[in-house]
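Below is one structure, written out as structure tokens, with a few remarks after it.
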Amino acid sequence: VIGARPSRGKTVLGTQIAVANAMQGTPVLVFSFEMTRRQFVRRMIPNYALIEAYKIRDPRYMNASEMESAKSCSKELQKLPIWVVDPDGMKSSEVTSAAKYHIHRYGVKLIVVDYLQIVRGPQRELRERVAHCSNALRAIPKTEGVPVIALSQLRRLEDENTRPSLDSLKESGDIEAHAHTVILLYRPRDKEGHWTNEDEAIIAKQREGLVG
């Protein structure tokens, strides 16, 4: 599980992990509940074409060299073994079914789910839905031998510079219980509200290794 407060980079990190593995030849399945396939690809390009993200969103700001680089990078990314499912309101049972289909049909070896709190379920309360989804995702590595990276929101706090902990996982303690590893993203701001660039990836839980 990768946890972060809203707009703290969990989707960016999840995307980078997916692409980095695909570039090594690992088939990857991404469930993108917030972005369409087109938006997902657009999110990937800046990191690998070394172009500012705002230029990808509005190509009028690109020079000829950057435009050529973006086009070349886009073509290369399309060759990667990444399958992006961008469902609107998919249930956790449908997520596991789609995951198993891609595992057996395309040989998927890594799954990224963005993000836990937005997956639908039969339960009324969000806490129960998140617990149900977390448990469903936990079954995939056990039955199929394929690791799952699930992104999760953390609770908002009055002081956004407070360092996150396992207690910050939103809506469900089951997320902590089901996960083998929990990584929490910490991105502090200065007094003027600017990023300090002293970001941390805090390993808050790891069943077979060190934390910190």
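Among the residues of segment 126-153, which ones are buried (at least 21 other Cβ atoms within 10 Å of the Cβ) and touching a Pro at 6+ places or on another chain (Cβ under 7 Å)?
VAL148, the sole residue that qualifies.
So that you can scan it fast, the table gives a plain yes or no per residue for (1) outside any strand (DSSP E or B); (2) open to solvent by 50 Å² or more (accessible area, probe 1.4 Å); (3) at pLDDT below 85:
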{"site": "ARG8", "(1), (2), (3)": "yes, no, yes"}
{"site": "GLN16", "(1), (2), (3)": "yes, yes, no"}
{"site": "VAL19", "(1), (2), (3)": "yes, no, no"}
{"site": "THR26", "(1), (2), (3)": "yes, no, no"}
{"site": "PHE31", "(1), (2), (3)": "no, no, no"}
{"site": "ARG38", "(1), (2), (3)": "yes, yes, yes"}
{"site": "ARG42", "(1), (2), (3)": "yes, yes, yes"}
{"site": "TYR48", "(1), (2), (3)": "yes, yes, yes"}
{"site": "GLU66", "(1), (2), (3)": "yes, no, no"}
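Please state which one of VAL119, VAL84, VAL108, VAL113 is crowded, with 18+ Cβ neighbours inside 10 Å and either modelled with pLDDT under 80 or of a type in the set (Phe, Trp, Tyr) (or both).
On the way: VAL84 fails: either modelled with pLDDT under 80 or of a type in the set (Phe, Trp, Tyr) (or both); VAL108 fails: either modelled with pLDDT under 80 or of a type in the set (Phe, Trp, Tyr) (or both); VAL113 fails: either modelled with pLDDT under 80 or of a type in the set (Phe, Trp, Tyr) (or both).
Going through VAL119, VAL84, VAL108, VAL113 in turn, just one is crowded, with 18+ Cβ neighbours inside 10 Å and either modelled with pLDDT under 80 or of a type in the set (Phe, Trp, Tyr) (or both): VAL119.
In segment 160-210, which residue that is in contact with a Pro (Cβ under 7 Å, 6 or more places away or on another chain) and farther than 15 Å from ARG5 by Cβ is most open to solvent (accessible area, probe 1.4 Å)?
Top of the filtered list is GLU198.
The values are calculated or read from the model by the stated rules, or taken from the named source; none is laboratory data. What you see is a predicted model, and the numbers here were worked out from it, not measured in a lab. FYI the Cβ positions are ideal-geometry reconstructions off the backbone, even for glycines, and counts take in every protein chain you see. Ligands, DNA and RNA are excluded from the accessible area calculation, which covers all protein heavy atoms including side chains. Shrake-Rupley method; radii C 1.70, N 1.55, O 1.52, S 1.80 Å.
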